[in-house]
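The values are calculated or read from the model by the stated rules, or taken from the named source; none is laboratory data. These numbers were taken from a predicted model, which means no experiment stands behind them. We place every Cβ from the backbone using ideal geometry, glycine too, and count neighbours over all the protein chains shown. Ligands, DNA and RNA are excluded from the accessible area calculation, which covers all protein heavy atoms including side chains. Shrake-Rupley method; radii C 1.70, N 1.55, O 1.52, S 1.80 Å.
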Amino acid sequence: RRPHPTRDAHRDRGDGSADALTKLRTAAAQDLSSAIEEQLFALGMPKARFHIRVEQAEDYGANGRDDVAMFFSANPGEEEKPLQKVASGGELSRIALAIKTVASSRDSSVPSMVFDEIDTGIGGRTAQMVAERIALVAQYKQVLCITHLPQIASMADVHLYIAKHAQEGHTVTEVIRLTEAQEVNEIARMASGADMTTASLDNAREMVSHAKMKKDAFKRDVLS
């Protein structure tokens, strides 16, 4: 019979496996960091720096011997710090979208993604860039998006209008699938308020038309 391995032998074998796993995680973290940074540039953050750091801890835990953390800097000259300590609400929304954009094209295990008011703290050109990234994610996944911004709503393939009202002493939530004409009306209302004008309706139609061209371009890029 062979003698049972000693505790030190087990420890040495575990340390060797942990070192190999750390190297794999470090390489994957560098690849993901670069891909996420690239998406942040496309989301209007050209000076942002984003890094996933993998460092070995002193002892083993539930996830092995590595500590993994995300570090972020939004502006040149600013030191990279833990993401949760320095990112604003709008920055967190875009970082989350950048991560989901990268994940959507690499991970086939999740068929759907949900974006719940990811437009928090953004507007204008940034909102347009966020809308385009969500449309890109939709080339790989089913996307469910809750939004109050017309730039994002105009990118949708299907619009569901959600409304609440009282009925016999209870609050009832109603979900209505909009027709194409209703979609234009709703986007116009989101852009200009309750009073829709011919100009606001024309603007809404232009937004929908522009969104369709963008989505068609994304589809061609994914298929090519």
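Within segment 62-72, is there a residue that is at negative phi, in a strand (DSSP E or B) and without any contact (Cβ under 8 Å) to a residue 12 or more places away in the chain? No - not one qualifying residue is present in segment 62-72. Any residue that is open to solvent by 60 Å² or more (accessible area, probe 1.4 Å) and under 12 Å from residue 149 (Cβ atoms) - is there at least one of those in segment 94-102? No, segment 94-102 contains no residue that is open to solvent by 60 Å² or more (accessible area, probe 1.4 Å) and under 12 Å from residue 149 (Cβ atoms). For segment 66-74, indicate whether the set of residues that are closer than 23 Å to residue 107 by Cα, among the polar types (S, T, N, Q) and either open to solvent by less than 70 Å² (accessible area, probe 1.4 Å) or in contact with a His (Cβ under 6 Å, 6 or more places away or on another chain) (or both) is non-empty. No; the residues of segment 66-74 include none that is closer than 23 Å to residue 107 by Cα, among the polar types (S, T, N, Q) and either open to solvent by less than 70 Å² (accessible area, probe 1.4 Å) or in contact with a His (Cβ under 6 Å, 6 or more places away or on another chain) (or both).
Residues that are of a type in the set (Asp, Glu) and open to solvent by 60 Å² or more (accessible area, probe 1.4 Å) were ranked within segment 11-47; the one that is nearest to residue 106 (Cα to Cα) is 31. Highlighted here are the strands (runs of 3 or more DSSP E) found entirely within segment 124-224 that include at least 1 residues which are farther than 29 Å from residue 89 by Cα and open to solvent by 80 Å² or more (accessible area, probe 1.4 Å): 160-167, 170-177.
Do you know which of the residues in segment 103-123 that are open to solvent by less than 70 Å² (accessible area, probe 1.4 Å) and β-branched (Val, Ile, Thr) is modelled with the lowest pLDDT?
Let us first name the residues in segment 103-123 that are open to solvent by less than 70 Å² (accessible area, probe 1.4 Å), namely 103-105, 107, 110, 112-113, 115, 118-119, 122-123.
Still in the list and also β-branched (Val, Ile, Thr): 110, 118, 122.
Details: 110: 83, 118: 80, 122: 76.
Of everything passing the filter in segment 103-123, 122 is modelled with the lowest pLDDT.
Would you pick out the residues in segment 75-93 that are open to solvent by less than 80 Å² (accessible area, probe 1.4 Å), among the small types (Gly, Ala, Ser) and more than 20 Å from residue 29 (Cβ to Cβ)?
Result: 88, 89, 90, 93.
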